[in-house]
Ligand SMILES: [Zn+2]
């Protein structure tokens, strides 16, 4: 929330690494976490005489992103962005400047707000510098080590219009964009591994004003949480500056996660003059229609459409919290599981809740989850074979190690009560308490809890509450 | 004083090696002996590949003995400019900043040479990063002109031109960004070819100005130049600017003559050059007419804007291409308190004055607020020149002019005056801006008996008609004096 009387104006610049097998301009592996300087060659090390050759797959992925963000896809030109930095092998970055591949798109947030996309262009990533010795920070390190494995990895930089108005909305935008990137197949959107990196341009103005305030660019936002916190802090800082009679200086600022503040990195005057000019080692990029059709072929529906489809599947069983759950499962690419479960006859509310809460809590585990096993697991709870508590324990194991949910349940001693033995126990309990049974049959549903308690006692907790209620209902209907 | 080594042509050497008449080892030994005898004075080579060259020659001989054909350049020694990357061999571009650097890979052209049976004999001297017209800005000192040791061989590929002229190698490779093959070829009395941009792969050529650089051959005669051109030309997937289209071999068409060919004598490349040079161009035009060509005078005034446009575009690209020499990864490093200071100290110590001047020019031309007025404007001029040439080539097949405004000038004559040095490329630059082909053919001598080169210009991919014209000119040319007599003992059994 912005301080009273103030409105924030926010635009985000998101860099995402593309899921190509090789780098943007050479044949080196595009992989995260390998031994430093093992995925390198004369081209991505910028050795004298080496020349770039554009990776077609990267262009296809960029077109997928452009298509997913409703952009106009155009013929484009690569430029050189010149500045000295040790982790940039050529001391210039090959990027796109005034003729980017994707322009003028939009992204729809789960609440149906649209955020404009100014451009989404292709560029190469830099290497990674580690400061070593001394205090280990940039200014007091004894020396620096550079790993060029990341140098030349293909990126798409997605620049939003300044349409975002709060830290929360910025987080929603980043989350939605991540989901779109994942759905397009172009990127894995992992902020924690740096494959999706967000910079925020923040300015403030008085409510009702349509002037733009002086903006600051905030860098080093490594999670959705730090994105939200940093913007919140930056809005507060700028409002305080203006309210105390000062003026916001145009700066690049660094988010200090530990201290929870943004600190000035460099001012407008210190900004680099990048001396952009057309990259003479590459030819203009003008893929024909068939290339573009191939690029986007097989691309599934985007999150907004998938949310609509899931809501339709839920057949009216959606509350406000249900809508949040829909957004969550789509964002995490788990909506396929929910749909499969509903189609297999699992109760929609249960399928959605378990997926949005329990499955979603273990994003890593869901990546190699077998949909068949997952539906089988849901059915066990749905049919009262497992209690909710038992079901969660089985899922944890299923996500962790995989396997057959029935076998996991058996191994945990969650021996599903055979239906006929449950019927027998419920019958016994009912016979033992005729007065309570009488009242239950006359409509006092609170007594269901009493009977569940009795059955649990008799079975040492092995019965499912749901199954007991179902049996009670069956008995009372016949009574 | 003048010098010469081995005089045998590349074609005859290759023919004899392929037929087993002579051994590649004899050929390389003769050339290595010539280098040992003469290069102390010439300074054409910065690095002689004696060991590797001999090993390669032994391998060629083995193949011949085994009944195989090592290729069209079997056993032919080729000298290569020191801005071409050769795996494991020093590649310095005549600069201190690349001291001690050996690339882990080879340029595509060098791979093609080796595949064709050629023997790489050494890396040749050059102006630092190919910036210069006299081979005087090299950290290894100036190369001398074999026709007159007090004069420059031209540049920037002066080492290659001098090596071929002096008989230290029958063939050499250079690179031509604004005339760096043709101008030294003219000064040294040899044939020098700047192919159409995109015809020869630039992969492994250390970049000066990427949109202008092109690798090309030096030879003592047109047929040898054609032989080398036919080997190095062709598509390379490692160079995105390489043209992917079938090339016509020029070698088989050299004798086709020029009857009926339309030749335009380009006024801008004749007017204003020294009288002795202009006289040779007119004689060359007459020789073509005598051979049946239709010769006319014509003017393309736009080429006059070539020089100023070039001196914005080339330095602009160079300023970016040379950024990577920052002391971080290879070559020279001058330690300092932090990375930025180390970058500055390294570049201050590693680059010579001409390279620094061009980096500054180019950085300025690309700077915010100046881009449109300088780089942007120069690119527009480039388009104008391309269009003007296109119009001219609607009426003629080739153009004829001087290669250089003067013959070879004395060492030191222009080092203090960069502008007058830049003017030595005024006749060659327009071809680079247009991306066209052009070559310099020796055509008699000027004042003081120094060689004069006549330039044949052709449109993009016009190498065929260009070489045909060159062949006729060569046949009609007054003899160019060989840099002779050779010192005692040089040349061995191969002459
Ligand atoms: Zn690489």
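Along each principal axis, taking the top coordinate minus the bottom one, the Cα set of the range B:120-214 gives 35, 26, 23 Å in descending order. Taking N as the residue count of the range B:1-61, its C-alpha radius of gyration divided by 2.2 N^0.38 Å amounts to 1.19. Take the Cα of residue A:436, step 7 Å toward its Cβ, do the same at residue A:458, and the gap between the two points is 1.1 nm.
Using mean Cβ contacts within 10 Å as the protection proxy, how do B:162-170, B:308-316, B:394-402, A:214-222 order, highest first? Write out the running numbers ahead of the final one.
Details: B:162-170: 33.1, B:308-316: 24.7, B:394-402: 21.8, A:214-222: 19.8.
Per-residue Cβ counts within 10 Å, averaged per peptide and sorted highest first, yield B:162-170, B:308-316, B:394-402, A:214-222.
Starting from 0.36 nm per residue, how many nanometres of slack lie between residue B:58 and residue B:294 once their C-alpha separation is accounted for?
Values: separation 236, 0.36 × 236 = 84.96 nm, distance 4.98 nm.
Full-extension gain reported as 80.0 nm.
I'd like the FRET efficiency for residue A:104 and residue B:66, computed as 1/(1 + (r/R0)^6) with the beta carbon distance as r and R0 of 51 Å, rounded to 0.05. Numbers along the way, then the final one.
Values: r = 65 Å, r/R0 = 1.28.
Efficiency at R0 = 51 Å is approximately 0.20.
Annotation: Cα Rg of the range A:63-115 relative to the compact-globule expectation 2.2 N^0.38 Å equals 1.53. Each part reduced to its alpha carbon centroid, the range A:404-479 and the range A:335-366 end up 26 Å apart. Once the cut-off is 23 Å, how many percent of the Cα-Cα pairs in the range A:318-466 end up in the long-distance tail? That fraction is 44 percent.
Compared with the dominant principal axis of the Cα atoms in chain A, helix A:447-459 is inclined by about 90°. Averaging 1/r across all pairs of distinct Cα atoms in the range A:11-77 and inverting the result yields a Kirkwood radius of 13.8 Å.
For the range B:307-369, the calculated P(r) over all alpha carbon pairs, in 5 Å bins from 0 to the bin holding the longest distance, is 4, 19, 24, 22, 16, 10, 4, 1, 0 percent.
Label positions at residue A:286 and residue A:410, each projected 7 Å from the Cα along the C-beta direction, are separated by 6.7 nm. Cβ-to-Cβ counts within 10 Å put A:400, B:29, B:326 in ascending order as A:400, B:29, B:326, the fewest first. Residue exposure proxy: A:383, B:271, ordered by other Cβ atoms within 10 angstrom of their Cβ from fewest to most, comes out as B:271, A:383.
Across all Cα pairs in chain B, the calculated P(r) in 10 Å bins from zero up to the longest distance comes to 4, 22, 33, 27, 12, 3, 0, 0 percent per bin. For q = 0.08 Å⁻¹, what log10 I(q)/I(0) does the protein assembly as shown give under the Debye formula with an equal point scatterer on each alpha carbon and no solvent? Ignoring solvent entirely, the Cα scatterers give -0.85. When both the range A:103-135 and the range A:174-210 are represented by their alpha-carbon centers, they are found 6 Å apart.
Sorted by packing (mean other beta-carbon atoms within 10 Å per residue), highest first, where do B:37-46, A:107-116 land?
Put in order of decreasing packing, that is B:37-46, A:107-116.
At an R0 of 60 angstrom, the distance between the Cβ atoms of residue A:257 and residue B:387 translates into a FRET efficiency of 0.55. Inter-chain neighbour count for B:340-346: the average number of beta-carbon atoms from partner chains within 10 Å of each residue's beta-carbon is 1.
For chain B, what is the calculated [θ] at 222 nm in deg cm²/dmol (nearest 500), taking -39500 (n - 2.57) for each run of four or more DSSP H residues and dividing by its residue count? Before the final figure, lay out each step's value.
Numbers: 15 runs with 178 residues, N = 495.
It lands at -11000 deg cm²/dmol.
Normalised radius of gyration (Cα atoms, divided by 2.2 N^0.38 Å) for the range A:419-477: 0.98. The order of the peptides A:228-234, A:358-364, B:279-285 by mean Cβ neighbours within 10 Å, most packed first, is A:228-234, B:279-285, A:358-364.
Taken as Cα centroids, the range B:423-464 and the range B:47-80 sit 32 Å apart, rounded to the nearest whole angstrom. Helix A:56-68 sits at what angle to the longest principal axis of chain A, using alpha carbons and giving 0 to 90 degrees rounded to 10? Tilt of helix A:56-68: around 60 degrees.
Evaluated at q = 0.08, 0.12, 0.13 Å⁻¹, the base-10 log of the normalised Debye intensity for chain A, with identical point scatterers placed on the Cα atoms, takes the values -0.63, -1.10, -1.22. Ranking of A:296, B:263 by neighbouring Cβ atoms within 10 Å, starting from the fewest: A:296, B:263.
Throw me the Rg/Rh for the range A:370-417, computed over C-alpha atoms with Kirkwood Rh, two decimals.
Values: Rg = 9.2 Å, Rh = 10.2 Å.
My calculation puts Rg/Rh at 0.90.
Mind checking the log10 I(q)/I(0) for the range A:218-297 at q = 0.13, 0.20, 0.27 Å⁻¹? Debye, one equal scatterer per Cα, no solvent, two decimals. With one equal scatterer per Cα and no solvent, log10 I(q)/I(0) is -0.66, -0.89, -1.27. Once the mean of 1/r is taken over each pair of separate Cα atoms and inverted, the range A:42-184 shows a Kirkwood hydrodynamic radius of 17.0 Å. Applying 0.36 nm per residue to the separation of residue B:377 and residue B:255 and subtracting their alpha-carbon distance, the gain on full extension is 39.6 nm. Binning all Cα-Cα separations of the range B:1-122 at 10 Å, short to long from zero, yields these whole-percent fractions: 14, 43, 33, 10, 1. Dimensions of the range B:242-360 along the principal axes, based on C-alpha atoms and rounded to the nearest Å, stand at 70, 38, 24, largest first. Between helix A:465-478 and chain A there is an angle of about 40 degrees, using the helix long axis and the longest principal axis of the Cα atoms.
Roughly how crowded by other chains is peptide B:322-329, in terms of the mean Cβ count from those chains within 10 Å of each of its Cβ atoms? Don't skip to the end; give the middle numbers.
Details: counts 2, 10, 11, 2, 8, 1, 10, 7.
The per-residue average across the peptide is 6.
Can you give the extra length, in nm with one decimal, that the chain gains between residue A:344 and residue A:212 once fully stretched, where that is 0.36 nm per residue apart less the Cα-Cα distance?
42.2 nm
Per residue of peptide B:101-108, the mean number of Cβ atoms on other chains within 10 Å of the residue Cβ is 3. Extents of the range A:125-214, largest first, come to 51, 36, 20 Å (Cα atoms, principal axes, whole angstrom).
Every number here is computed from the coordinates shown, using simple stated rules; none is lab data. None of these values were measured; they are calculated from a predicted model. FYI the Cβ positions are ideal-geometry reconstructions off the backbone, even for glycines, and counts take in every protein chain you see.
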